[in-house]
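Just so it is clear, none of the values below were taken in a lab; they were calculated from the coordinates. Please read these numbers as outputs of a predicted model, since none were measured by experiment. We place every Cβ from the backbone using ideal geometry, glycine too, and count neighbours over all the protein chains shown.
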Amino acid sequence: MSPSLISFVCKMRLIILFAGLLGLFEVRAATEEVPASVSTVYYDLTGGTIEELLRQLNALGPMAADGRRVFGYTDWQIIWSYQYKTRDANFVITTAKVEAKIVYKLPRRTGFQRTDLAEPHWVQFAAALKKHEEAHGSNALAQAEILRKSLLKEHFFDSLSKLESFVDSEGKRIVAEGRAWDAEYDKRTRHGMREGAVLR
C-alpha cells in the first residue's frame, strides 16, 4: 500500500471514529422557532475540599424523575395552544403556539477562596454538568418544534372532538418521546459523568 493511500485510510478511520463518538453522545439541536422561558435554580455548597463538596452534592442534589438524587437536573414542560376554523364541513388547525418552560437545577459554591485547591476541579466539573443539563434543555426545545410543525400540517377532521383528541394525543406522544430521549441520554452519559461531570 502506498504512503498516500495509507494516509487516506488513516484519515477515513479517524473520521469514522469521530462520527461514532458524535453518535454516542448525540445532542438534540435546539430551534429558534419556539419561544422558551429558561431559568436556573441553584443549591449552595459550602465545602472547602473535594470530599466535603461530594458529601454535600450527594446530600443536597435534586431528585431525578426516577427518585434518585443527582448533581444536576433539568425540569421542562411544553405548553401548546391553537386556533381552528371550519372548511368544507371540516375542522382545520390554522395557528399553533408552542412554548417550552425549562428550569435548570445546578450546584453553586459559596463562601470559599478562589485560590483553594478544590476550585480548579470544581470549575471543570460545574462547566461539564451545566453543558450536560443544557443538552436536556435543547431536547425540550427540539420536541416543542416537532409538535409545532406537526400541528401546522394540514389535517382535516370531521368533528371538533376528533381535532381536540388529535392535538391532545400528539402533544402527549411528543412529550413522551422527549422524556425517553432524556432517560436514554442520561443512561449513555451516566448523567454527564462520561462527558466530564466528575469531581475528583
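Considering each of SER138, SER169 in turn, give the residue that is within 18 Å of the chain's Cα centre (by Cα), of a type in the set (Ser, Thr, Tyr), in a helix (DSSP H, G or I) and at negative phi. Steps first, please.
Details: SER169 fails: within 18 Å of the chain's Cα centre (by Cα).
Unique residue meeting the criteria: SER138.
Kindly provide the set of residues from the range 106-133 that are free of Cβ contacts under 8 Å to residues at least 40 places away in the same chain and among the charged types (D, E, K, R), ordered by number.
ARG114, GLU119
Can you name every residue in the range 63-103 that is of a type in the set (D, E, K, R), under 15 Å from GLY178 (Cα atoms) and touching a helix residue (DSSP H, G or I) at 6+ places or on another chain (Cβ under 8 Å)? Give the steps one after another, and end with the answer.
Initially, the range 63-103 is screened for residues of a type in the set (D, E, K, R), giving 66, 68-69, 75, 85, 87-88, 97, 99, 101.
Applying the additional criterion that residues be under 15 Å from GLY178 (Cα atoms) yields 75, 99, 101.
GLU99, the sole residue that qualifies.
Do we find a residue being of a type in the set (A, V, I, L, M), farther than 30 Å from GLU52 by Cβ, in contact (Cβ under 8 Å) with a residue 24 or more places away in the chain and in contact with a Ser or Thr (Cβ under 9 Å, 6 or more places away or on another chain) anywhere in the range 71-88? Can you show your working first?
Filtering the range 71-88 for residues of a type in the set (A, V, I, L, M) gives 78-79.
Filter once more, keeping what is farther than 30 Å from GLU52 by Cβ: 78-79.
Narrowing further to those that are in contact (Cβ under 8 Å) with a residue 24 or more places away in the chain: 78.
In the following step, the residues that additionally are in contact with a Ser or Thr (Cβ under 9 Å, 6 or more places away or on another chain) were identified as none.
No, the conditions are met nowhere in the range 71-88.
Starting from residues that are of a type in the set (Val, Ile, Thr) and crowded, with 18+ Cβ neighbours inside 10 Å, keep the ones in the range 52-90 and report whichever is nearest to ILE102 (Cα to Cα). Talk me through it step by step, then tell me what you get.
From the range 52-90, those of a type in the set (Val, Ile, Thr) are 70, 74, 78-79, 86; that's our starting set.
Filter once more, keeping what is crowded, with 18+ Cβ neighbours inside 10 Å: 70, 74, 78.
Values: VAL70: 17, THR74: 7, ILE78: 9 Å.
Applying the filter and picking the extreme gives THR74.
Does LEU106 qualify as being crowded, with 17+ Cβ neighbours inside 10 Å and under 30 Å from THR49 (Cα atoms)?
Working: crowded, with 17+ Cβ neighbours inside 10 Å: yes; under 30 Å from THR49 (Cα atoms): yes.
Against the criterion (crowded, with 17+ Cβ neighbours inside 10 Å and under 30 Å from THR49 (Cα atoms)), LEU106 qualifies.
Whether any residue in the range 137-149 is touching a Gly at 6+ places or on another chain (Cβ under 9 Å) and not aliphatic (A, V, I, L, M) is what I want to check. Let's see the steps before the verdict.
Step one: filter the range 137-149 for residues touching a Gly at 6+ places or on another chain (Cβ under 9 Å), giving 139-140, 142-144, 146-147.
Right, trim to not aliphatic (A, V, I, L, M) and you get 139, 143.
Yes, that holds for at least one residue.
Would it be correct to say that GLU164 is in contact with a Leu (Cβ under 8 Å, 6 or more places away or on another chain), under 24 Å from GLN83 (Cβ atoms), in a helix (DSSP H, G or I) and without any contact (Cβ under 8 Å) to a residue 24 or more places away in the chain?
It is false that GLU164 is in contact with a Leu (Cβ under 8 Å, 6 or more places away or on another chain), under 24 Å from GLN83 (Cβ atoms), in a helix (DSSP H, G or I) and without any contact (Cβ under 8 Å) to a residue 24 or more places away in the chain.
Could you list, in sequence order, the residues of the range 145-161 that are crowded, with 16+ Cβ neighbours inside 10 Å, in contact (Cβ under 8 Å) with a residue 60 or more places away in the chain and in a helix (DSSP H, G or I)? Spell out the reasoning first.
The initial filter retains those residues of the range 145-161 that are crowded, with 16+ Cβ neighbours inside 10 Å, namely 145-148, 150-151, 155, 157.
Add one more test, that the residue is in contact (Cβ under 8 Å) with a residue 60 or more places away in the chain, and what stays is 145, 147-148, 151, 155, 157.
Within the range 145-161, GLU145, LEU147, ARG148, LEU151 qualify.
Return the only residue of TRP181, TRP122 being surrounded by 14 or more Cβ atoms within 10 Å (Cβ to Cβ), of a type outside the set (Ser, Thr, Tyr) and in contact with a Leu (Cβ under 8 Å, 6 or more places away or on another chain). Spell out how you get there, then give the answer.
Values: TRP181 fails: in contact with a Leu (Cβ under 8 Å, 6 or more places away or on another chain).
The conditions single out TRP122.
Looking at (1) assigned to a loop (DSSP other than H, G, I, E, B); (2) loosely packed, with under 13 Cβ neighbours inside 10 Å, can you tell me which one GLY48 breaks?
It is condition (2) that GLY48 fails.
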